[in-house]
Structures are given as C-alpha cells and as structure tokens.
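**Q** After the structure tokens below, expect a handful of questions from me.
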Amino acid sequence: MASTIQRSIVTTESRAVRYLLTALALLFIGVFLVIPLASVFIEAFRQGWQLYLAALVEPDAVQAIKLTLIVAAISLPANLIFGIAAAWSIARFDFRGKSILTTLIDLPFSVSPVVAGLIYVLMFGAQGWWGPWLIENDYKIIFAVPGIVLATIFVTFPFVARELIPLMEAQGSDEEQAAIVLGASSWQMFWRVTLPNIKWGLLYGVILANARAMGEFGAVSVVSGHIRGMTNTVPLHVEILYNEYNFVGAFACASILALLALLTLAAKSYVEWKSEQQAATDRRHAVEE
C-alpha cells in the first residue's frame with residue numbers, strides 16, 4: 001500500500017516541477033563540480049604541453065608523486081587488514097564493548113584531520129610523550145615518512161570497515177556455518193565463502209580509501225614538516241607551488257589529483273554496477289531454486 005502511494009506521488013508530479021528540480025541539480029553540479037574541475041585542466045594546459053610536462057618531471061614534483069604512491073601503498077594493506085578484521089568481529093560476534101568499537105571506527109569522520117596530525121605530534125614530536133626516546137635512538141617519525149603513513153592510516157581506516165560491516169550483517173553467516181559443517185577449515189571458509197561474498201564491497205572501500213590517502217592534506221600537512229623534495233606529498237606540493245605563484249606547476253600537479261578523482265569515480269561506478277549485477281544474479285538463482 002505504501003509503495004503504491006509513493007509511486008503515485010512520483011508519477012503525478014507536474015512536468016514543470018520535474019524540470020525545475022532537474023535544472024537545479026544540474027546547475028549545482030555544474031557550478032560546484034564541473035566548472036572547478038574543468039578549470040584545473042584549463043589552467044594546467046594554458047601555456048602548452050611542454051610547460052605542463054616540465055612541471056610534472058621536475059625533481060620535487062616527481063618526489064612528491066613517489067611519496068604519495070608509497071604512502072598509499074603502505075596504508076591500503078593496513079586498512080584492508082583492519083577493515084576485514086573489524087567487520088568480521090562486529091558482524092559475526094557479540095561481545096562487550098561492541099558498540100564502543102563501532103563508534104571508534106567512525107572517529108576519523110568526526111575529528112578534524114588537523115587535530116589528528118596534532119595528536120601524532122603530541123605523541124612522537126620532539127617534546128612529545130615518546131619524542132626524547134625516539135631522538136635518543138635516532139628514530140624519525142614526525143617530519144618523516146612514518147609520520148605521514150600513520151596520519152594517512154588514521155584518516156582512511158574507516159572506509160573499508162564501513163563498507164563491509166553492513167554488507168556482512170545483511171548476508172548473515174549461514175553459508176559460512178554450512179562450510180564449517182561440511183569440513184572446511186577457517187582459512188578455506190574465508191577464501192572460498194566469505195571473500196567471494198564481500199569482494200565488491202571490499203573493492204569499493206579500497207577505492208575510496210585510496211582516493212582519500214592520495215588526496216589527504218590536513219593531517220599530512222601537520223606531521224610532514226613541508227620539507228621540499230622529502231616529505232611533501234602531491235597536495236602539499238601543490239600548495240607550495242601556488243604560494244610561490246607558480247600557477248602552471250600548481251595546476252599541473254593538481255590535475256594529477258583531479259585525474260585520480262575521475263578514475264576513482266569511474267572505478268566506483270563500475271564496482272556499483274558489478275555489485276548490482278551480482279545481486280540480480282543471486283536473486284535469480286534463489287528464485288530458480
């Protein structure tokens with residue numbers, strides 16, 4: 001009954017209202033998304049391909065790109081392991097403190113990235129809790145790659161877990177219990193039952209985490225020290241070039257991040273489409289059975 005009323009409301013909406021709402025949505029997307037994104041590429045190529053490529057192969061830019069890729073390559077496996085472990089424990093087990101764990105997973109969404117960076121400075125900085133011991137033993141975390149990795153992991157670790165928890169809760173554990181009853185080991189159950197069932201949600205979370213890792217600015221800015229050619233990721237390098245009025249170099253490097261955003265959007269759309277196809281196939285098989 002409710003669905004019939006809802007369908008009736010949707011189909012009896014006047015054409016003028018539909019056109020107005022569609023126009024407002026397109027205007028919003030154009031002003032706040034398409035135009036700014038297009039302006040990045042326009043400014044990057046304003047003075048030609050040669051200056052654009054020269055800005056990207058400049059040593060500091062190359063080092064920034066390498067560091068960004070290294071940080072992402074380290075943080076993604078950590079997020080992958082944590083996300084699967086957290087989703088498994090929350091979706092499959094009942095234990096004291098479960099709600100607290102769920103809340104803590106969402107903490108990076110509510111804490112400013114700058115605050116997250118300051119937390120690591122408080123812990124590992126020269127005047128921090130473990131700073132003197134680190135200096136005495138010649139370990140560098142703040143203003144070095146380890147600090148950037150830690151800050152990046154902090155701001156990205158909810159993405160995989162938050163995609164898997166509702167998915168695993170909705171799927172239930174019937175297939176996994178059946179595999180155990182049939183004699184499968186825990187690893188066999190995970191690789192042959194659990195992982196195939198969550199693969200699209202897992203990939204979706206990894207895509208989002210990767211995009212955030214490569215584009216993170218606030219937390220990385222605090223712990224990096226802005227050491228040019230050493231601890232600057234691409235977003236930090238863009239800021240430095242822009243402050244130096246090197247607009248071609250700034251927009252050239254920014255175009256890398258914009259291209260990453262477009263690729264992320266394409267990958268996200270593909271994963272959503274494949275997930276819908278898989279869900280439709282599962283429903284069809286269920287009906288046939």
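**Q** Scan the range 120-134 for residues that are open to solvent by 70 Å² or more (accessible area, probe 1.4 Å) and closer than 16 Å to VAL223 by Cα and report the count. Lay out the reasoning, then the answer.
**A** From the range 120-134, those open to solvent by 70 Å² or more (accessible area, probe 1.4 Å) are 122, 127, 129-130, 132-133; that's our starting set.
Restricting the remaining residues to those that are closer than 16 Å to VAL223 by Cα gives 122, 127, 129-130.
Within the range 120-134, residues that are open to solvent by 70 Å² or more (accessible area, probe 1.4 Å) and closer than 16 Å to VAL223 by Cα number 4.
**Q** Before we move on, is ASN232 surrounded by fewer than 17 Cβ atoms within 10 Å (Cβ to Cβ), modelled with pLDDT of 90 or more and not aliphatic (A, V, I, L, M)? Don't jump to the end; show me each part of the working.
**A** Values: surrounded by fewer than 17 Cβ atoms within 10 Å (Cβ to Cβ): no; modelled with pLDDT of 90 or more: yes; not aliphatic (A, V, I, L, M): yes.
For ASN232, the condition - surrounded by fewer than 17 Cβ atoms within 10 Å (Cβ to Cβ), modelled with pLDDT of 90 or more and not aliphatic (A, V, I, L, M) - is not met.
**Q** I'm checking my understanding of the structure. Among residues of the range 28-44 that are of a type in the set (Phe, Trp, Tyr) and open to solvent by 70 Å² or more (accessible area, probe 1.4 Å), which one is nearest to the chain's Cα centre (by Cα)? Reasoning before the result, please.
**A** Within the range 28-44, the first condition is being of a type in the set (Phe, Trp, Tyr), and the residues that meet it are 28, 32, 41.
Okay, now just the ones that are also open to solvent by 70 Å² or more (accessible area, probe 1.4 Å), so 28, 32.
Numbers: PHE28: 24, PHE32: 21 Å.
Applying the filter and picking the extreme gives PHE32.
**Q** For the range 135-149, what are the residues that are closer than 15 Å to VAL114 by Cα and either among the small types (Gly, Ala, Ser) or open to solvent by less than 60 Å² (accessible area, probe 1.4 Å) (or both)?
**A** ILE142, GLY147, ILE148, VAL149
Condition check ((1) at pLDDT 90 or above; (2) touching a strand residue (DSSP E or B) at 6+ places or on another chain (Cβ under 6 Å); (3) at positive phi; (4) of a type in the set (A, V, I, L, M)) across all residues:
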{"residue": "LYS98", "(1), (2), (3), (4)": "no, no, no, no"}
{"residue": "LEU101", "(1), (2), (3), (4)": "no, no, no, yes"}
{"residue": "SER112", "(1), (2), (3), (4)": "no, no, no, no"}
{"residue": "VAL121", "(1), (2), (3), (4)": "yes, no, no, yes"}
{"residue": "LEU150", "(1), (2), (3), (4)": "yes, no, no, yes"}
{"residue": "PHE157", "(1), (2), (3), (4)": "no, no, no, no"}
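**Q** Here's a check for you: in the range 156-207, which residue that is open to solvent by less than 50 Å² (accessible area, probe 1.4 Å) and among the hydroxyl-bearing types (Ser, Thr, Tyr) is nearest to ALA266 (Cα to Cα)?
**A** The extreme case among them is TYR204.
**Q** Considering every residue within the range 93-102, establish whether at least one is of a type in the set (Lys, Arg) and in contact (Cβ under 8 Å) with a residue 60 or more places away in the chain. Outline the logic, then answer.
**A** The first filter runs over the range 93-102 and keeps only residues of a type in the set (Lys, Arg), leaving 96, 98.
So of that shortlist, the ones also in contact (Cβ under 8 Å) with a residue 60 or more places away in the chain come out as none.
Taking every residue of the range 93-102 in turn, none turns out to be of a type in the set (Lys, Arg) and in contact (Cβ under 8 Å) with a residue 60 or more places away in the chain.
**Q** Here is a follow-up. For the range 250-260, state whether one or more residues are free of Cβ contacts under 8 Å to residues at least 40 places away in the same chain, on the phi < 0 side of the Ramachandran plot and of a type outside the set (Gly, Ala, Ser). Quick ask: steps written out before the conclusion?
**A** The initial filter retains those residues of the range 250-260 that are free of Cβ contacts under 8 Å to residues at least 40 places away in the same chain, namely 250, 259.
Right, trim to on the phi < 0 side of the Ramachandran plot and you get 250, 259.
Subsequent filtering for residues that are of a type outside the set (Gly, Ala, Ser) retains 259.
Yes; the residues of the range 250-260 include at least one that is free of Cβ contacts under 8 Å to residues at least 40 places away in the same chain, on the phi < 0 side of the Ramachandran plot and of a type outside the set (Gly, Ala, Ser).
**Q** I would also like to ask the following. Restricting to the range 46-88, give me the number of residues that are exposed (fewer than 14 other Cβ atoms within 10 Å of the Cβ) and either in contact with a strand residue (DSSP E or B) (Cβ under 6 Å, 6 or more places away or on another chain) or in a helix (DSSP H, G or I) (or both).
**A** Going through the range 46-88 one residue at a time, the tally reaches 11.
**Q** Starting from residues that are hydroxyl-bearing (Ser, Thr, Tyr) and within 19 Å of the chain's Cα centre (by Cα), keep the ones in the range 126-168 and report whichever is nearest to ILE90 (Cα to Cα). Break it down stepwise before answering.
**A** Taking the range 126-168 as the starting set, the residues that turn out to be hydroxyl-bearing (Ser, Thr, Tyr) are 139, 152, 156.
The next check asks that each one be within 19 Å of the chain's Cα centre (by Cα); those that pass are 152, 156.
Numbers: THR152: 24, THR156: 19 Å.
Ranking the qualifying residues of the range 126-168, first place goes to THR156.
The values are calculated or read from the model by the stated rules, or taken from the named source; none is laboratory data. Remember, predicted model here, so these are calculated numbers, not experimental data. All Cβ positions, glycine included, derive from the backbone under ideal geometry; neighbour counts span all protein chains shown. Only protein heavy atoms, including side chains, enter the accessible area calculation; ligands, DNA and RNA are left aside. Shrake-Rupley method; radii C 1.70, N 1.55, O 1.52, S 1.80 Å.
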